Amino acid sequence: MNIRGWGAVTALGWSTDESAQNLLAGRVRQGSVCVSSHLTNRDFKAYEVSGDDNPLEKSFRMLDASITEAFVRGGLSESEIAESALLVGTTGGIFIRNEFEFTEFVRSHPGGESPAIACRNRGPGEVADRIAQKYGIRGQKLTFSMACVSSSHAMVAAAQLLAQGKIKRAIVVGFEPLLNLTLQGFASLLLYDAEACRPFCNTRSGMQIGEASSCVILEQEAVPASGNHSFSLVGGCLYNDNSSLTSAGTNGELVEKILSQTLDKAGLAAGRIVAVKAHGTGTRDNDLSEGRGLVRVFGEKMPPVISLKGAIGHCLGAAGAVETALWLSCLEEGKLPRSFGFAEVDPEIGFAPSLENRQAPDGAYLFAFFGFGGTCTSYIITKTGRHE
Amino acid sequence: MNKKNIHVEHSFSTLSVLATGYLGPALVPNRDLPWEEKNLPHPPEGLVQEILGQPLRRAGRFIKLVCCGALACLRSAPEKILQDKKTGIFLATGLGNIDEILPFITQVFKHDGGYPSPNQFANSVSNAAAFYLAKRCDVKGLVLTVSQEEFSFESALWLAQTYLEAGEIELALVGGCDVFTPTVEEYRERMNFHPGDVCVAPMGEGSSWLLLGRSENRSVGRLLSVNLEIGFAGETQVALGQQKLEEMVLTGNLPENEEKIRRIFLPGFRLSDTDRAAWASDGWEVDDYLPFCGISPTASAFGLARALSLYRSASIVHCNKDAHGKSALIAAST
């Protein structure tokens, strides 16, 4: 499926171009204590998007900015937007409204007894409804609320629907504002690293959350010329393993299985992969599992492996769309970004992620995502230069 | 009726319904039993013991109802039907694990702080329930959790059809589950009802499932199509239903002498009296299922599963609207 447009707002910037330029220039800050007014614990470090507005307004502004960037980049007309299907990946939905309203109430009633926090948001599907109403999208709406693979699953499902002619065009959105719910939740599971996010590093001890919003537009037909390259999503796999709710195991077999299936589906041998966009969260188990899986697939011919989470954090349900969009903007610059946060090889993994920017040749790039509930997504995006 | 303006976005090949199961607030599978909103939610432990044979101590109520509803459906299927079959699970839910999220977030915001339960957080993730179900059924592969407010179940059905048609899976276990969580006022707000809105039924809950496949052997019915149309109401909504019926006759899915077939209409909770009257005036029997399950985002799953199990030699249409007036229609037959 052709990728027509993309957009994103991350801790690196309010567009994918800005984020990619900062990423490639090394203007990356580690996760830091956040300033948003709705966050109750000032000890947690995360990758926060800059903004002076209140967190609820900021999150909507993030959503709108990423979608607008994608529409502009893709040159979509109003009628094309209207006839598109909308697939959203999010874990928190607009739960930020609950957190913001509660903290504002407490702030405005100092010394008084606060009621229990209410949960008035309409579920994950509310995000898609808001987007459809605002932009006049009249096609099918579908929301995947599947933890860290929400928007990556949406990407692959969109490709399936396009391949079967069920939809004409897919607007895939990932949306994940910072929430106390998730910051505290991952900390309670001892999956949070208070120092830094260090994917694949021997000293890693957990993840740090990033907030982001992103939009990727897919369609079956050849897309109008935009940018220097053409990008296509080929081969995508969705897989759910039922062994563990919170881990993909550590022997790498599951990772090998899903990546191999993706290669088979795309009709590509492992040697054809130019680079791997790894999930690379910085947790002990994920990186061990993923690292071992990559070794099983590629052996001694390991292509460059890059995790973006050391630069933008783990964007949870938005990770799929956000990391895809950011990667594409880097490729448009002709560059593969480097990994951040790494210092020391883990002998149980046996390799280091790529620590320098590289030239990004035409070819196939492998993407991997893993999440709670035993979920896995993998797909390949090919890059080809435009020939006038 | 002006059928020319009806735009059917998708046509599907027919799928067989191999098993059904419906579970409402009374927590007795496949039975229409009385219940009262003021007494909800009922404890599920007895149901869990009956269906699963063991308590799910680490799981919340939503997860328990997902598993019990799905397994109650599978109980009516041929034994070991899932064995050696590539099966997908499609869980639809409008509000998800709200029963786990609320206590977790309440603990997070308590003034005296303290760590909330990690188990509760892990279970609050929307796809945790699908994981538990997949583990119970020993299903690996395609397991999706879909959420789109009052069209969650319709969306999941549409997606399941897509993957079945593509041959990516041989069987699809498709269900809708939402749980009743106090307060009623907040539940209504989560359902996008505004103060003063008249509801046709009390707020409820349920977990209802269909097992779908391509083979017609031992099927209880057929799923004919799922349509998510735009802005249809009243007469044109009915006309779409009639068109579906005619398509069924033309494609051989119903006998030509379809006057002998009962036509059952299932009205969703946002349909107005005008909508219902339009269907009734066109000869459809209106089966108001909502008193048996109450309003929830996935009540349509209950209505459809119930109708498929209750009616023989019938064509069945379920229709609901969202808050913007967009309609979703499911057509099936037994």
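The values are calculated or read from the model by the stated rules, or taken from the named source; none is laboratory data. Just so it is clear, the structure is predicted and the values come from calculations on it, not from any experiment. Cβ placement follows ideal geometry from the backbone for every residue including glycine, while neighbour counts extend to all protein chains displayed.
For the range A:122-142, which positions are within 9 Å of another protein chain (Cβ to nearest Cβ) and either of a type outside the set (Asp, Glu) or assigned to a loop (DSSP other than H, G, I, E, B) (or both)?
Filtering the range A:122-142 for residues within 9 Å of another protein chain (Cβ to nearest Cβ) gives A:122-126, A:128-129, A:132-133, A:138-142.
Residues satisfying the conditions are A:Arg122, A:Gly123, A:Pro124, A:Gly125, A:Ala128, A:Ala132, A:Gln133, A:Arg138, A:Gly139, A:Gln140, A:Lys141, A:Leu142.
Considering only the range A:235-264, state which residues are surrounded by fewer than 17 Cβ atoms within 10 Å (Cβ to Cβ) and either among the β-branched types (Val, Ile, Thr) or modelled with pLDDT under 95 (or both).
A:Ser243, A:Ser244, A:Asn251, A:Glu253
Could you please find all residues in the range B:260-310 being on the phi > 0 side of the Ramachandran plot and modelled with pLDDT of 95 or more? Show your work before the answer.
Step one: of the range B:260-310, the residues on the phi > 0 side of the Ramachandran plot are B:283, B:294.
If the condition is that a residue be on the phi > 0 side of the Ramachandran plot and modelled with pLDDT of 95 or more, then B:Gly294 is the only one that fits.
Looking at A:Ala170, A:Ala187, A:Ala158 in this structure, which one is part of a helix (DSSP H, G or I), surrounded by 24 or more Cβ atoms within 10 Å (Cβ to Cβ) and either more than 13 Å from every other protein chain (Cβ to nearest Cβ) or in contact (Cβ under 8 Å) with a residue 12 or more places away in the chain (or both)?
A:Ala158
If you go through the range A:324-344 one residue at a time, do you hit one that is more than 23 Å from A:Cys201 (Cβ to Cβ), at pLDDT 95 or above, part of a helix (DSSP H, G or I) and under 12 Å from the mean Cα position of the chain (by Cα)?
Yes, because at least one residue in the range A:324-344 is more than 23 Å from A:Cys201 (Cβ to Cβ), at pLDDT 95 or above, part of a helix (DSSP H, G or I) and under 12 Å from the mean Cα position of the chain (by Cα).
For the range A:1-104, list the helices (runs of 4 or more DSSP H) that sit wholly inside it and hold at least 2 residues that are crowded, with 22+ Cβ neighbours inside 10 Å; which are they?
Output list reads A:16-25, A:55-74.
Would you check if there is a residue in the range A:366-388 being touching a strand residue (DSSP E or B) at 6+ places or on another chain (Cβ under 8 Å), under 17 Å from A:Gly235 (Cβ atoms) and surrounded by fewer than 21 Cβ atoms within 10 Å (Cβ to Cβ)?
yes
Scanning the range A:329-355 for residues that are farther than 30 Å from A:Asn251 by Cβ and in contact with a strand residue (DSSP E or B) (Cβ under 9 Å, 6 or more places away or on another chain), which turns out surrounded by the most Cβ atoms within 10 Å (Cβ to Cβ)?
Checked the range A:329-355; the qualifying residue surrounded by the most Cβ atoms within 10 Å (Cβ to Cβ) is A:Ser329.
With the checklist (1) within 7 Å of another protein chain (Cβ to nearest Cβ); (2) surrounded by fewer than 23 Cβ atoms within 10 Å (Cβ to Cβ) in hand, flag the one item B:Val146 doesn't pass.
(2) is the only condition that B:Val146 fails.
If you check B:Val198, B:Val184, which single one turns out to be surrounded by fewer than 24 Cβ atoms within 10 Å (Cβ to Cβ) and more than 14 Å from chain A (Cβ to nearest Cβ)?
Selected residue: B:Val198, the only one of B:Val198, B:Val184 that is surrounded by fewer than 24 Cβ atoms within 10 Å (Cβ to Cβ) and more than 14 Å from chain A (Cβ to nearest Cβ).
Looking for whichever is more than 8 Å from every other protein chain (Cβ to nearest Cβ) and surrounded by fewer than 24 Cβ atoms within 10 Å (Cβ to Cβ) here; the options are B:Asn119, B:Asn97. Which one fits?
B:Asn119 is the lone residue from the list that is more than 8 Å from every other protein chain (Cβ to nearest Cβ) and surrounded by fewer than 24 Cβ atoms within 10 Å (Cβ to Cβ).
Looking at the range B:125-139 only, could you name the residues that are without any contact (Cβ under 8 Å) to a residue 60 or more places away in the chain and not hydrophobic (A, V, I, L, M, F, W, C)?
Pass one, the range B:125-139, residues without any contact (Cβ under 8 Å) to a residue 60 or more places away in the chain: B:125-127, B:131, B:134-135, B:138-139.
Hits for the range B:125-139 are B:Ser126, B:Asn127, B:Lys135, B:Asp138.
Which one of these is more than 7 Å from every other protein chain (Cβ to nearest Cβ), in contact (Cβ under 8 Å) with a residue 24 or more places away in the chain and touching a strand residue (DSSP E or B) at 6+ places or on another chain (Cβ under 8 Å): A:Ser145, A:Ser150?
A:Ser150
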